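Since the structure comes first, as structure tokens, the remarks are kept for the end.
The values are calculated or read from the model by the stated rules, or taken from the named source; none is laboratory data. Predicted, not measured: the structure shown is a model, and the values here were computed from it. Positions of Cβ are generated from backbone atoms using ideal geometry, with glycine treated the same way; all protein chains shown enter the neighbour counts. Ligands, DNA and RNA are stripped out before the accessible areas are found, and what is left, the full protein with its side chains, is counted by its heavy atoms. Shrake-Rupley method; radii C 1.70, N 1.55, O 1.52, S 1.80 Å.
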Amino acid sequence: MPKKEKPLPFYIATTGFYEAKVKVCFSDDSFQAALKHSKITTKHSSLDVGVAESHYIQQEGTQNAMLAIVFDLKAMEDYDPLERIGVIVHECVHTVTHVFEYIGEDEAKIGDETRAYFTEYLFKQVFAAYATEQENYENFRKRHRAASEQIREKIERAFTEMVKHDIGSAGQNSVPEPASVPSGTENTDRKSKRKTKDSL
């Protein structure tokens, strides 16, 4: 039986007849894995500024290159849905420019219509990857909340049982006390002297 390949920790967007591939990442870990997958050995950070970044990396002295878009999924939670779409479109526009650089195409010769269709084509794939990742993230959070709730309920049940069966009481005092403890002060004759209340 053939060994099942482990899924890649990033998405791959195609560029149609340009035949370039764009790696779509949602964490620094997935970006580092994308670099390794592209055989790039130089160090690169996924995000220098902001919640998203488009990359075109060509390792000097080699044929190794990578096109990528990175999103900080958690940071994007602070954005409303329209702003999130705007971020995705913004990075797709940058990536289209990077693709033309990558294939050695003179941008001045690219018509507006070609650029618009290509940007739309890329956006649909990147948005689908984002929506999938967002759904996975939400499902993970729901499972985590549910697991935390189950743990809390188990603790409450255990505590209720403990109280019900008096398991948690202090129990018998293990320090023996003297047979009689005087309830007053002692006089010089060592006889107990009762305290009296003063009345007004």
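Of the residues screened, residue 138 is not one that is at pLDDT 95 or above, open to solvent by less than 100 Å² (accessible area, probe 1.4 Å), within 24 Å of residue 85 (Cβ to Cβ) and not hydrophobic (A, V, I, L, M, F, W, C).
When you check residue 45 against the structure, is it in contact with a helix residue (DSSP H, G or I) (Cβ under 6 Å, 6 or more places away or on another chain) and farther than 21 Å from residue 7 by Cα, yes or no? Spell out the reasoning first.
Details: in contact with a helix residue (DSSP H, G or I) (Cβ under 6 Å, 6 or more places away or on another chain): no; farther than 21 Å from residue 7 by Cα: yes.
No: the conditions fail for residue 45.
Of note, residue 78 satisfies the criterion of being part of a loop (DSSP other than H, G, I, E, B) and closer than 24 Å to residue 137 by Cα.
Considered as a group, the residues in segment 8-37 that are touching a residue at least 40 places away in the same chain (Cβ under 8 Å) and in a strand (DSSP E or B) include one that is most open to solvent (accessible area, probe 1.4 Å), and that residue is 21. Reported count of residues in segment 97-131, each being open to solvent by less than 80 Å² (accessible area, probe 1.4 Å) and in contact with a strand residue (DSSP E or B) (Cβ under 9 Å, 6 or more places away or on another chain), is 9. Checked across segment 45-58, the condition of being at pLDDT 95 or above and part of a helix (DSSP H, G or I) holds for no residue.
Run down 20, 75, 65 and say which single residue is under 26 Å from the mean Cα position of the chain (by Cα) and hydrophobic (A, V, I, L, M, F, W, C).
75 is the lone residue from the list that is under 26 Å from the mean Cα position of the chain (by Cα) and hydrophobic (A, V, I, L, M, F, W, C).
Here residue 40 meets the list (1) open to solvent by less than 30 Å² (accessible area, probe 1.4 Å); (2) part of a helix (DSSP H, G or I) almost entirely, failing just condition (2).
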